[in-house]
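Visitor: First the structure, then my questions, so here it is.
The values are calculated or read from the model by the stated rules, or taken from the named source; none is laboratory data. Model, not experiment: these values are computed from the prediction. Neighbour counts are summed over all protein chains in view; Cβ atoms, including those assigned to glycine, are modelled from backbone coordinates with ideal geometry. We work out accessible area using only protein heavy atoms, side chains counted, and drop any ligands, DNA or RNA first. Shrake-Rupley method; radii C 1.70, N 1.55, O 1.52, S 1.80 Å.
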Amino acid sequence: MSGGNRLAAVLFDMDGTLVDTETLWWDATAEVAADHGHELGPVDAPEVVGRAVDDTAAHLAHVTGAERKPLARRLTDGFFQRVAAGAPLRPGADRLLSGLVREGVPFALVSASPRVVVDAVVGGSLAHVPFAFTLSADDTARTKPHPDPYQAAADRFGVPTGRCVAVEDSPDGAASAEAAGCALLVVPSLLPVRSTPH
């Protein structure tokens, strides 16, 4: 970007982009599934990876015959125990964030996760990162793949979306950023079973 299109801000996705919470969610789901006699595998990925708790619980209820609400509670508890133990940073994330700080480029977090998850991760693994602000799925009328989150982030910075770069790891996130008019940088997922985005 140059001239009138000079980079104004970087907008980071969280899950699977800055921190490897996707693997934590998969592990929590695999544990619950195993306790109900189901071995989680690639065929389950569309209903697990990047999906809301209720969606994954409904899927497990379908394949195991267990009740959805208790499954949802166990999924949430298992995930938060893992997050509390420390969600690992993605390779290169710290180096990139430090470089932006050095260069004086502002950046924010734009996540499709609920506020409670965003706050847990930002208060833990990302506590050292000086985000200008964080946006969660609870902060816009529609979340990814709609353009609302990235448009809202650019608006908060007071800059056009065309002067922002979004960093994403999923098709839904990429679709959201592109629909909003952001430049896009996609990082690969660490999950070999991944087949759908958040």
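Visitor: Out of all Cα-Cα pairs in the chain, roughly what percent, to the nearest whole number, are more than 24 Å apart?
Guide: 39 percent
Visitor: Leaving out ligands, DNA and RNA, and with a 1.4 Å probe, what % of the accessible surface on the chain is carbon or sulfur?
Guide: Summing carbon and sulfur atoms, their accessible area is 53 percent of the total for the chain.
Visitor: Can you tally the net charge around P130? Count Lys and Arg as +1, Asp and Glu as -1, for every other residue whose Cβ sits under 14 Å from the Cβ of P130. Don't jump to the answer; show the numbers that get you there.
Guide: Details: positive: R102; negative: D94, E103.
That sum, taken over residues with Cβ under 14 Å, equals -1.
Visitor: What are the extents of the Cα atoms of the stretch 27-142 along their three principal axes, listed from largest to smallest and rounded to whole Å?
Guide: Principal extents (Cα only, largest first): 53, 31, 23 Å.
Visitor: Which percent, nearest 5, of DSSP beta bridges in the chain are antiparallel?
Guide: 5 percent
Visitor: What net charge is computed for the residues neighbouring V101, neighbours being all others with C-beta under 12 Å from the C-beta of V101, Lys and Arg scored +1, Asp and Glu -1? Show your work: numbers first, answer last.
Guide: Details: positive: R95, R102; negative: D94, E103.
Once all neighbours under 12 Å are counted, the net charge is 0.
Visitor: What is the stretch 81-151's relative contact order, in percent, from Cα pairs under 8 angstrom and six or more apart in sequence?
Guide: The value is 34 percent.
Visitor: For the stretch 79-196, just run the numbers: alpha carbon Rg, then divide by 2.2 N^0.38 Å, N being how many residues it has.
Guide: 1.04
Visitor: Could you tell me the relative contact order of the chain? Use alpha-carbon pairs under 8 Å, at least six residues apart, and round to a whole percent.
Guide: Numbers: 325 pairs, mean separation 58.6, N = 198.
Relative contact order for the chain comes out at 30 percent.
Visitor: For the chain, what does -39500 (n - 2.57) per DSSP helix run (n ≥ 4), summed and divided by total residues, give at 222 nm, in deg cm²/dmol to the nearest 500?
Guide: -13500 deg cm²/dmol
Visitor: Now for a separate question. Can you tell me the accessible area per residue over the chain, all protein chains present, probe 1.4 angstrom, in square angstrom?
Guide: On the way: 9010 Å² over 198 residues.
Here the per-residue accessible area is 46 Å².
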